[in-house]
1. Out of (1) open to solvent by 40 Å² or more (accessible area, probe 1.4 Å); (2) of a type in the set (Ser, Thr, Tyr); (3) modelled with pLDDT under 95, the odd one out for Ser101 is which?
2. Kindly list, by first and then second residue, each pair from a residue in segment 87-114 that is in contact (Cβ under 8 Å) with a residue 60 or more places away in the chain and within 10 Å of Val30 (Cα to Cα) to a residue that is surrounded by 21 or more Cβ atoms within 10 Å (Cβ to Cβ) and among the charged types (D, E, K, R), limited to pairs with Cβ atoms under 7 Å and residues at least 6 apart or on different chains.
3. Of the residues that make up segment 64-72, is at least one modelled with pLDDT of 95 or more and of a type in the set (A, V, I, L, M)?
4. Look at segment 91-118 and say how many of its residues are closer than 8 Å to Leu37 by Cβ and part of a helix (DSSP H, G or I).
Amino acid sequence: MKKFVLVLFAAAAISSPASAAPVSQATPEVSAEADALGECLTNKSTGEDRITLARWALAAMASAPKVADIAKVDPARKAELDKALAGIFTRLIARDCAAQSRPLFKSKSKAGFEAAFGKLGQIAFKELLADPKAEETLSDFTKYLNQSDFADVVK
């Protein structure tokens, strides 16, 4: 049973790394605990950890059938990323941030873990997208915008 709970929290914690989950339904205590864990995760993770997290998240998203036509990930490469992320997750939760993760485990706060890892995910993607090539690519869609379509909105 304990292994199941650990797996559940691991999956919940990194299920949405690109955005912090709201902890609005949690008690103020759980919200504060999630903030403390999020702070620890961001402080104790390395740049390499965060890039691995972002790469893992992209590989996970690529497995969705709705994007299969534009993204493909080799299963062996995905397994390597899974293994690398498991090591990072273990180090951060069981060692580096054990004191901050313990209260969330005790309260079984899925939302707290999601919020904490969401903060780490936000930083990971921010760092990844700070690359000039990524920044340039993010604005490529704007060449297809027609300014007159926004005339009523920007008055």
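1. (1)
2. Filtered contacts from segment 87-114: Pro103/Glu33; Leu104/Glu33; Gly112/Glu33.
3. no
4. The qualifying residues number 6.
The values are calculated or read from the model by the stated rules, or taken from the named source; none is laboratory data. The structure presented is a predicted model; accordingly, all values stated were derived computationally and were not measured. FYI the Cβ positions are ideal-geometry reconstructions off the backbone, even for glycines, and counts take in every protein chain you see. For accessibility, only protein heavy atoms count, side chains too; no ligands or nucleic acids. Shrake-Rupley method; radii C 1.70, N 1.55, O 1.52, S 1.80 Å.
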